[in-house]
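Throughout, read-outs are computed from the coordinates displayed, never taken from laboratory work. Everything numeric in this text was worked out from a predicted model, so none of it was measured. Cβ coordinates were reconstructed from backbone atoms using ideal geometry, including for glycine residues, and neighbour counts include every protein chain displayed.
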Amino acid sequence: MKTFQVKAVGIVSNAFNDPADYHKIKEKTSSIIIDDEYSKGLLNIKDCEYLDIVFWFHKSAGFTLSGKTFSGAERGVFAPRSPKRPNAIGVTTVKLLECNKNKIIVEGLDAINNTPVIDIKCCDTSLFASVAESDPVQLAILKSDPRIEIRNNIVSGKTDTLLIKAAQLHGHFCPGLAMGVMAAAFAMRELKVDSDGMENLLAITETNNCFADGVQFVTGCSFGNNALIFKDIGKTAFTLTKRDGEGIRLCSRHESRDIIEKAFPDFQKYYQLVIIEQNRDAELVAAYKRIALQRAFGTLHIPLKKLFTVIRLHVNIPDYAPIHESVVCSVCHESVMKSKTTEKEDSFICFTCNHSNYGFLDGFGIHF
C-alpha cells in the first residue's frame, strides 16, 4: 500500500489536555490556531457557518479491526468514530463562531488541546439536500402543486425562508431583495391569492432592481408567464391585482432608507467601496457580502408599515397576452414572432436584420 505524508495546518487550543468524554468536549468552545504559512487559506471562511475539521488523534495508539462500542454492539473499526484507527484521522462538523486573523473559534469540536489539525473544509450537506429533493412523495406533491412550499411559507409568514429561496434566483442577499419579499408576501396574504401562472394574478413593478426579483419569486408573476408588468418609473413599488382589478399597492417610504441605514450603520461604507467604487479586493467583497447578508435578513424584521405605504386600489389591467404567430426571417432564417418583423412582399424580416428600432431593458431602464 502507498504511504502519504500529512502536514498539520494548525493546532487546537482548549481546556482538555487529556482524552475525555467527547460530549463534554463538544459542549465547550475551542480555538484553532492556523500556522502563518496557511493563514491566507482562511479568506472568506466567515461565509461558512459550519465547517468540517479534519485532525490527527495524536494521543491514540494502536487499533483493532473490530470491537465493542459503548453500547456493547460489535462493530468494525470503520463503522464507529473511535480514535483508534489504522490512520488516526478524526473528522467533526463544527459551528464557526469567530475568525480573527489566524485564529478561528468553533463550537462542537471533540478534539483535545494541542491536537494537530490537518485540514478544514466547508461542511457539505449536498447529499442530504439531494435525498430530500428526490423524495418520491415530495416530488409527487410538487409536480401537482409546484408552489405549495412557497404558498405555505407566505401564509405562515416565513419570510426568512422565502428570502433564501428568492436569493437562488437573484444570486445574492441584499436589502432590496428582502423588501421585495416582504412587500410581496404581505400583498399575497392581504388579497388571499396565489399564482397559477395563467395571468389570473398580475404584479406591476415600478422598478427593475433587486426589489423586483423578490416580487417575482414570491408572487409567481414573471415575464415568462406574462403576469409581470413593468412600469419604468424608478419607484421601489409594486401593485398586486386580481383579474377583476382589485389590487393593493406598496411603495417604499422616503424614510425607509434612513431606517435601514440606522439599523445597519456599517453597510454603507462597504457598499461605497465595493459597489459604487467597484473595488473588488477579495476581503472587501467578502466583508460586504457578510454585512449585506445581515442587513437583508435584519430588514425582514423591521415592521413593514415603517418601510412601506399601503393602499387598496382598482387597477385597469390588460387583456390576456395574445398568442403570436411565428414566422421565419428571410435573412437570418430564425423563427420570430410575426408581430416583431417587418413584412416585405411575401417575406418577413426580423427587427435585427432590418436594422429596425426595438426596445430593450437593461440596468438603466427601457431603451429604443
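Here the Gaussian network model covers the chain, with springs between Cα atoms less than 10 Å apart; of PRO80, PRO175, PRO303, PRO80 fluctuates the most. Each peptide in 212-225, 186-199 gets a packing score, the mean of other Cβ atoms within 10 Å over its residues, and the list from highest to lowest is 212-225, 186-199.
Per the Kirkwood formula applied to alpha carbons, segment 326-367 shows a radius of gyration over Rh ratio, Rg over Rh, of 1.06.
Here VAL131, VAL336, VAL54, VAL94 are placed in order of increasing Cβ neighbour count within 10 Å, fewest first, which gives VAL131, VAL54, VAL336, VAL94. Compactness of the chain, taken as the C-alpha radius of gyration over 2.2 N^0.38 Å, stands at 1.35. In segment 326-367, what percentage of the DSSP-assigned beta bridges are antiparallel, given to the nearest 5? Taking every DSSP beta bridge within segment 326-367, about 90 percent pair in antiparallel fashion. Going by a ≥ b ≥ c, the root eigenvalues of the Cα gyration tensor, does segment 1-49 fall in the rounded group (a/c under 1.5), the prolate group (a/b larger than b/c) or the oblate group? Oblate shape, in that a/c is at least 1.5 and b/c is the bigger or equal ratio.
In order along segment 89-105, the phi-based Karplus estimate (6.51 cos²θ - 1.76 cosθ + 1.60, θ = phi - 60°) of 3J(HN,Hα) comes to 9, x, 9, 9, 8, 10, 9, 7, 9, 7, 9, 9, 6, 9, 10, 10, 10 Hz; Gly and Pro are listed as x. At a Cα cut-off below 25 Å, give the lysines reachable from LYS68, other chains included and same-chain residues fewer than 8 away excluded. Once the sequence-local lysines are set aside, what remains near LYS68 is LYS24, LYS26, LYS59, LYS84.
Among the listed pairs LYS46/LYS269; LYS101/LYS289; LYS165/LYS235; LYS40/LYS103, a Cα-Cα separation exceeding 21 Å is found for LYS165/LYS235. Relative contact order, percent, of segment 58-115 when contacts are C-alpha pairs under 8 Å separated by at least 6 residues? Relative contact order of segment 58-115: 24 percent. Computed over the chain, relative contact order equals 13 percent, with contacts defined as Cα pairs under 8 Å that lie 6+ residues apart. For segment 204-341, the spread of Cα coordinates along the three principal axes comes to 55, 42, 22 Å, biggest extent given first. When only alpha carbons are used to place a centre, segment 3-66 and segment 120-168 end up 33 Å from one another. Each of VAL117, VAL91, VAL181, VAL77 was scored by other Cβ atoms within 10 Å of its Cβ. Arranged with the fewest first, they read VAL91, VAL77, VAL117, VAL181.
Among ILE53, ILE233, the order by Cβ neighbours within 10 angstrom, fewest to most, reads ILE233, ILE53.
Per the Cα gyration tensor, segment 10-124 maps to an equivalent ellipsoid with semi-axes of 27, 14, 14 Å, ordered largest to smallest. Taking Cα atoms only, the orientation of helix 175-191 departs from the longest principal axis of the chain by about 60 degrees. When +1 charges are put on Lys and Arg Cβ atoms and -1 charges on Asp and Glu Cβ atoms, the dipole computed for segment 10-124 relative to its Cα centre reaches about 320 debye.
Structure remark: mean-square fluctuation, Gaussian network model of the chain, C-alpha springs under 10 Å; the largest value among ALA15, ALA167, ALA296 belongs to ALA15. When shorter helices are ignored and each DSSP H run of at least 4 residues is given -39500 (n - 2.57), the per-residue value for the chain at 222 nm works out to -8000 deg cm²/dmol. Comparing ARG249, ARG75, ARG151 in a Gaussian network model of the chain, where Cα atoms under 10 Å apart are tied by springs, the biggest mean-square fluctuation is seen for ARG75. Here segment 219-270 was treated as a single set of alpha-carbon atoms; its pair distances binned every 5 Å from 0 give 4, 14, 18, 19, 14, 11, 12, 5, 2, 0 percent.
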